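First comes the structure, then the notes that go with it.
Coordinate-derived values only; no laboratory data. Bear in mind the structure is a predicted one, so any value in this text is a computation, not a measurement. Positions of Cβ are backbone-derived with ideal geometry, glycine not excepted, and every protein chain shown enters the neighbour counts.
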Amino acid sequence: METPGNNIMSHIDLKQDSNPFLPVEPVKAECDDNRSSHRFRMIELEAENRKLHAELKKVLGKIKGYKESLYALKNQNKQLLLELNSQHKMNDRLKKETENIAIQLSTLNRCDATCPSFDLCRKRILIVGGIVKIKDRYKKLIEENGGVFEYHDGYVKGGVKGLKDQVRRADMVLCPVNCNSHNACSLVKKIGKKYNRQVHMLAGSGLSAISQALLESQKGASIH
């Protein structure tokens, strides 16, 4: 026979069995999903971090390369400035040398239109070789002293006809041996001999050597 107490306990047990606030399995599954999601995100972040480190390494490498290039350019610029300064000094020396030569030549008797031998004084002077950079100074030196300037660089790879023609029409040929090959010097001598032209082999190629040859020529001396 059931008592009122037994009925109450049975009712309590039924209530506990149907309690909706105790979902054990769904909560566990949700936790597993969250852990899996976090783990996947961690993997993504680690991969992204490695990628950023690799890009940073490349950027640092480029920066290092730029610094090295900048250092090399600074050194190159410094060297160019030194060379430029040296060139300025050389130009100053050449200018002074030219002025001194002009003064020396101006003391000589110059030939002008009143001279009976004026046409003979207009000699055609051919310089073979020499210093190409001061070719204009050669020209100025010769023309200021009544000569007609011609120039040949001494290279005959394209043939000797041009050199032959210039030697043939020249009154005097100046050939600095220090700025010409042995073959070029021999060729100039040979052509000069063939056309009976004055060929002067000069030890130097500076303005002093050229002016000395002109001075000796004006004095009527032979230069060998």
(message) Can you sort 197, 39 from fewest to most other Cβ atoms within 10 Å of each residue's own Cβ?
(response) 39, 197
(request) Sequence neighbours fewer than 8 away in the same chain don't count; with that in mind, list the lysines whose C-alpha is under 21 Å from residue 189. (result) 123, 157, 161, 164
(request) Can you put 86, 211 in order of Cβ neighbours within 10 angstrom, beginning with the fewest? (result) 86, 211
